[in-house]
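In what follows, a single structure is set out as structure tokens and then discussed.
The values are calculated or read from the model by the stated rules, or taken from the named source; none is laboratory data. Small disclaimer: the values here were computed from a predicted structure and weren't measured. Neighbour counts run over all protein chains shown; Cβ positions are idealised from the backbone, glycine included.
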Amino acid sequence: MNKIVVRGGKPLSGSVEIGGSKNAALPLLFAGILTGEVCVFYALPRVSDVLITLEILRCLGARIRFAEGGAVTVDYTDIRPVLPSPTLTGAIRGSVYLLGAMLGRFGKAYLAGAGGCDFGLRPIDQHLAGFAALGAEEQTMDGVLTLSAEVLKSADITLKMPSVGATANLLMTATSAKGRTVIKNAAAEPHVGALCAFLTAAGAEIEGVDGDTLTVVGGKPLHGCSFTVIPDMIEAGTYLAAAMACGGRVTVKNTDPTHLGATLAAFDEMGATLLVGEREITLVAPDTYRGISLETGPYPALPTDLHPQLATLFAIGGRAVGEGTMNERVWQSRFRYTEELLKMGASLSVADTVLTVRPAPLHATTVRAPDLRGGVALLLAALATEGQSIITGAAVIGRGYEHLEAKLTALGADVRVIG
Ligand code: EPU
């Protein structure tokens, strides 16, 4: 997916099936290492971050089979505790989960860099402090981080912030540390809940699931299991935002509306009509919608991974009315997409963590996707704007959106993915 050519200005209508969550799938696939057996995953999204994860596991010794009906079988028996290819691990952020999983299984973990979108600093100090509390020693030489522990021990850990990555990593290692490990100020994102459910299915004992204090009763042997990845709340939110941007009526199917509380509240405040079922949401876009004030935060607040899509809605002249603001409270810097929106004629300014957007007539042009969610936000702007726009650098969007062209085309959009 090198570029996306969009002929915008068409309302959307119809329904779209939401796939498995990327940010749930990555920790689950790495957590399977702890079982040392065969795990079967259903609803794994075929996005590039997942395919790279499978390749990392294969290079470490896993055997992977794509079975009929979309299941993926991963045999973790012969995984070896070696340094994985820095090129592969450097391509995705999720490779940081190797640390928790390998340390838990082998008492040893190696990593030479993790990649991911560029949002300014992406420290892993909370992961490392937690590993140290669980008994691991850390060493960095020639760019390779090594963690080792003779014996893992249970611990009381309080995270400085509810980090998704640190919570998931420490959960994994804690399953191998005898005794009760308590993780306070834990992230409560649905994908952390999914990891807890997976580890429980594999034989772990975890208390406080979906809350901010997780207790792992560690030291129980884990075994292989089958698991269905939860639906991607960010993909669902993105298609609902597309309906707002273009006008029309879109139903997202195979979604869990309880995961999208803050997002649906935002659409409601903007003036959308929402019909919420048990596993689906229909958004009927109003003729025009209001600019509002939003801020991102750890779950259950508005997800940072929907910030660019929602803030872009405020920019679309003829659809948005009045100023909108977005206060980004998770990432130091997630505004690179705004420079590209300016090329389309947007009227906006960034001061510290707050983006202020005023509606302005946008025009079709060529813009570059700076990162996954920023890239898809530019796609929404292009879909809403008459004329031909081109999104270059679109491979980053493929990291998180499956069958993008087919899904948008089914809703009536004119998009062509090239390369
Ligand atoms: N942080 C620290 N120290 C740490 C860990 C995190 O200071 O040791 C800070 C980060 O710098 C950030 C905040 O804590 O300011 C939250 O970071 P978190 O650890 O929660 O993020 P992550 O695990 O690296 C995952 C998703 C991101 C998503 C965030 C927040 C994956 C692979 N990535 O990142 O997803 O934005 O949680 O929900 O799950 C995306 O899908 O586009 C994406 C970037």
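Looking at the range 352-412, none of the strands (runs of 3 or more DSSP E) lying wholly inside it contains 3 or more residues that are on the phi > 0 side of the Ramachandran plot and not assigned by TED's automatic domain parsing to the domain that holds H307.
Only a single criterion out of (1) assigned to a loop (DSSP other than H, G, I, E, B); (2) in the same structural domain as A384 (by TED's automatic domain parsing) is not satisfied by P81, namely (2).
Return a yes/no flag: does the range 112-129 have any residue that is among the aliphatic types (A, V, I, L, M), part of a strand (DSSP E or B) and outside the structural domain of T304 (by TED's automatic domain parsing). Looking for residues that are among the aliphatic types (A, V, I, L, M), part of a strand (DSSP E or B) and outside the structural domain of T304 (by TED's automatic domain parsing), one finds none in the range 112-129, hence no. Applying a threshold of 8 Å to beta carbon distances and a minimum spacing of six or more residues, or different chains, the list of pairs starting in the range 387-407 at a residue that is over 25 Å from E17 (Cα atoms) and within 16 Å of the ligand (Cβ to nearest atom) and ending at one that is of a type outside the set (A, V, I, L, M, F, W, C) and modelled with pLDDT of 95 or more reads G393/K3; G393/R368; G393/P370; G393/G375.
If only residues of the range 154-169 that are surrounded by 15 or more Cβ atoms within 10 Å (Cβ to Cβ) and not in a helix (DSSP H, G or I) are counted, the one that is nearest to the ligand (Cβ to nearest atom) is S163. Within the range 155-176, residues that are farther than 13 Å from C196 by Cβ and in the same structural domain as A31 (by TED's automatic domain parsing) sit with their Cβ atoms under 6 Å from residues that are more than 12 Å from the ligand (Cβ to nearest atom) and of a type in the set (A, V, I, L, M), at 6+ positions apart or across chains, in these pairs: A155/A133; A155/L134; D156/V182; I157/A133; I157/I183; T173/L103; T173/L134; S176/L152. The residues in the range 118-137 that are within 10 Å of the ligand (Cβ to nearest atom), touching a residue at least 40 places away in the same chain (Cβ under 8 Å) and within 17 Å of V151 (Cα to Cα) can be counted, and the count is 1.
Have a look at R105, R80 and point out the one that is in contact with a Ser or Thr (Cβ under 9 Å, 6 or more places away or on another chain) and within 20 Å of L57 (Cβ to Cβ). Give the steps one after another, and end with the answer.
Working: R80 fails: in contact with a Ser or Thr (Cβ under 9 Å, 6 or more places away or on another chain).
Criteria check complete, one pass: R105.
Of all residues in the range 89-117, those being among the aliphatic types (A, V, I, L, M), away from the ligand (no atom under 12 Å from the Cβ) and in contact with a Phe, Trp or Tyr (Cβ under 9 Å, 6 or more places away or on another chain) number 5. Within the set L294, L348, the sole residue that is assigned to a strand (DSSP E or B) and under 21 Å from the mean Cα position of the chain (by Cα) turns out to be L294. In the range 249-268, the residue that is farthest from the chain's Cα centre (by Cα) out of those that are part of a helix (DSSP H, G or I) and among the β-branched types (V, I, T) is T258. Tell me yes or no: at least one residue of the range 94-110 is in a loop (DSSP other than H, G, I, E, B) and farther than 20 Å from G32 by Cα. Checking the range 94-110: not a single residue is in a loop (DSSP other than H, G, I, E, B) and farther than 20 Å from G32 by Cα.
Conditions (1) closer than 25 Å to G14 by Cβ; (2) crowded, with 16+ Cβ neighbours inside 10 Å; (3) without any contact (Cβ under 8 Å) to a residue 40 or more places away in the chain; (4) not assigned by TED's automatic domain parsing to the domain that holds P370, marked per residue:
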{"site": "G277", "(1), (2), (3), (4)": "yes, no, yes, no"}
{"site": "D287", "(1), (2), (3), (4)": "yes, no, no, no"}
{"site": "I292", "(1), (2), (3), (4)": "no, yes, yes, no"}
{"site": "P300", "(1), (2), (3), (4)": "no, no, no, no"}
{"site": "T338", "(1), (2), (3), (4)": "no, yes, yes, no"}
